[in-house]
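This report refers to the structure that appears directly beneath it.
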Amino acid sequence: MIEVAHLTKRYPGRVAVDDISFRVNAGEIVGFLGPNGAGKSTTMRILAGYLPATGGIARIAGFDVATESNEARRRIGYLPENCPLYGEMRVDEYLRFRARLKGVPHSKLKARIGEVKERCGINDVGNRIIAHLSKGYRQRVGLAESLVHEPELLILDEPTIGLDPNQIRLVRSLITSLADKHTILLSTHILSEVEMTCRRVLIIDKGRIIASDTPDRLRRRMEGEATITAEVRGPQADVLNALRALPGVSEVLAEGADAWTRFTLRANREQDVRAALFETIATNGWVLRELHQEAATLEDIFVSLTQADKPGVRS
Amino acid sequence: MSAFLTLWRKELTTYFLSPIAYIVMIFFLVVMGAIFSLLVSVLAEGPAGVTVMNLLFGSPFFWMTMLVLIPLLTMRLFSEEKRSGTIETLMTAPVSDAAVVLAKFAGALSFYIFMWAPTALYIFILYYFSADMAPPDPGPMAGGYLGAILIGMFYLSIGLFCSALTSNQIISAIITFAVMIVLFLTGLLDYVANAEWAQTLSAHLSSYSHMLEFSRGTLDSRPILYYLSGTAAMLFATVKMLEARNWK
């Protein structure tokens, strides 16, 4: 559905998108993840046909967004960041205007508008002036607008930004429910959002794609080392030495001054050290109060990929 | 074509949804009404030395009003879209940049003509209530309206271009006003300068004297061409301005 090859966007003195290439297949929900200013919006604007690229090619359903722009645009439902709408119009009026503009035939107009309003839960505000709506409703009007011409592809730029938690949940479930009919590319800087809604993640930083995989697989790649936390009552120095001696443990930190000491271990995930750790403590007659191993979150991956200068997990 | 009509309709509707349009229209009609009553009082004193229509279209009050009102009509067109971000949804719909520019221009021009429409009542009044004198000629009348529309087109297209320059309505209005003032005053150059080039320049550019000509019923092809080509150039520049959308 989306093919991007060597796409580059340069502004005077700054490279916003630096030679990125990726594909999104029909039916996928792909999350575009990156810190603010990473180039997410710029990429999406190029795909939507708003900005011209400096170099490279982007195709939507086989149509080049630069040379066959109108064909490509017909197949895209684009919701820009902050969901811009005409505040002085009424919801129905706006949807009718946009549907006509996008070439929905007159005979289908009413049915299409009815359907997207139903789908986005804005049936009860059709007659209201957009400027008077709450942010959550406005976001849903924006989504309804992007759906009105039955596009094959939805490009949603930060669809949940600025919403309260309830509204976020509503918009998310709406997006998930759209996945059966549409291919979706959504951008966000909220990690949990990607984990909840997307089947694939593209991590972008400083204009480059630094990882592309499912949230699960990305997590597993990070899991070479596990972080284990244990709270133990016993002589701190002895326990520390005993833990360091365990096979597979690379690093142990101790904190806590009272009887209980909290140990944080970095250990090889392949050989689960938890059983050995328990035995060591039991045989020495110390007491164990807490023991758990943290699964790497997407957050860890994100931080390690975007902050360190190390090569990261390229795909 | 249908995209153009949809956009044009939306632009025109938007005028009627904003209070500024009503204020502009009321202001315009008050001024025109005052000019008309002046005209009637001149006529009441017997046969006038000037053409009736010259009084209506050539009045300094009329020009001051035009120079203030045109920026108010055009300042919103692109600036507001840029400020609110709707420019992004607008320019990513399957329509060409040229269609968007033309629709906005057509919307502004339609409102401008709509604003003029009530003044047709003056003609009606002159025809039916001035029993003892000859009614005004249709020629100068048609010429006057044609001039008003031609000059309006040019100035509106200047305003449209200026609103594509900035996301701030006020700045857009001020630039439009400044450009119009410069153009208008260049047209009056022959009042202050005697050099030949100044005379020629002002003869070509003076909307004021063009309007006097039009409302005398004289159709000169030079000013007509000037306004039409000027409008086309401004619209073209606006399209180019939009295409170079490297703004953030």
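Could you calculate the FRET efficiency of A:GLU150 with A:GLU28 from 1/(1 + (r/R0)^6), where r is the beta carbon distance between them and R0 is 22 Å, rounded to 0.05?
For A:GLU150 and A:GLU28, the calculated efficiency is 0.75.
Please report the relative contact order for the stretch B:2-243, taking Cα pairs under 8 Å with a sequence separation of at least 6, and give it as a percent rounded to a whole number.
Values: 273 pairs, mean separation 67.8, N = 242.
That works out to 28 percent.
What residues from the stretch B:145-172 fall in the zone where the backbone N is under 20 Å from a label point 7 Å along the Cα-to-C-beta line of B:SER18?
B:152-172
Compute the separation of the alpha-carbon centres of the stretch B:59-134 and the stretch A:273-294 and state it in Å as a whole number.
Taking the Cα centre of each part, the stretch B:59-134 and the stretch A:273-294 sit 81 Å apart.
Across every pair of different alpha-carbon atoms, what Kirkwood hydrodynamic radius in Å does chain A reach?
Working: mean 1/r = 0.0449 Å⁻¹.
Every distinct Cα pair counted, the radius reaches 22.3 Å.
In percent, how large is the relative contact order of the stretch A:224-294, given Cα pairs closer than 8 Å and 6 or more residues apart?
Result for the stretch A:224-294 is 47 percent.
Before anything else, pin down the relative contact order of chain A: Cα pairs under 8 Å, at least 6 apart, normalised by residue count, whole percent.
Details: 593 pairs, mean separation 59.4, N = 315.
Taking the mean separation of contacting Cα pairs over the length of chain A, I get 19 percent.
Each label point is 7 Å from the Cα along the Cα-to-Cβ direction; what then is the distance between the points at A:ASN123 and B:VAL30, in nm?
So the two model labels end up 4.9 nm from each other.
For the stretch A:2-220, what is the percent of antiparallel DSSP beta bridges, rounded to the nearest 5?
That works out to approximately 55 percent antiparallel.
Work out how much length B:SER2 to B:SER84 would gain on full extension: take 0.36 nm times their residue separation and subtract the Cα-Cα distance, in nm to one decimal. Before the final figure, lay out the partial values.
On the way: separation 82, 0.36 × 82 = 29.52 nm, distance 2.51 nm.
That pair, B:SER2 and B:SER84, stretches by 27.0 nm at full extension.
To the nearest 500 deg cm²/dmol, what mean residue ellipticity at 222 nm is calculated for the protein assembly as shown from DSSP H runs of n ≥ 4 alone, each contributing -39,500 (n - 2.57), summed and divided by the residues?
Mean residue ellipticity, 222 nm, calculated: -17000 deg cm²/dmol.
Measuring from label point to label point, each 7 Å out along Cα→Cβ, what is the A:ARG169 to A:ARG217 span in nm?
Spacing of the two 7 Å Cα→Cβ label points: 3.2 nm.
What are the ³J(HN,Hα) couplings of the stretch B:222-239, residue after residue, when phi is run through the Karplus curve with 6.51, -1.76, 1.60 and θ = phi - 60°? Round to Hz, x for glycine and proline.
5, x, 4, 5, 4, 6, 5, 6, x, 4, 4, 5, 5, 5, 4, 4, 5, 4
Residues with amide H under 5 Å of A:ARG208's amide H, sequence separation 5 or more or different chain, H placed in the peptide plane at 1.01 Å from N; which?
A:ASP18
In nm, give the distance between the simple-model label positions of A:THR227 and B:TYR191, each being 7 Å from the Cα along the Cα-to-Cβ direction.
7.8 nm
Name the residues of the stretch A:150-183 whose amide N is less than 18 Å from a point 7 angstrom out from the Cα of A:MET196 along the C-beta direction?
Of the residues in the stretch A:150-183, A:156-180 have backbone N under 18 Å from the label point off A:MET196.
Rounded to the nearest 0.05, what FRET efficiency do A:GLU270 and A:TYR11 give with R0 = 30 Å and r taken as the Cβ-Cβ distance? Could you check? Walk me through the numbers on the way to the answer.
On the way: r = 46 Å, r/R0 = 1.53.
E(calc), rounded to 0.05, equals 0.05.
Quick note: the coordinates plus some simple rules give every number you see, no bench work behind them. These figures come from a predicted structure and were not determined experimentally. Ideal geometry is used to build each Cβ from the backbone, glycine not excepted, and the neighbour counts take in all protein chains shown.
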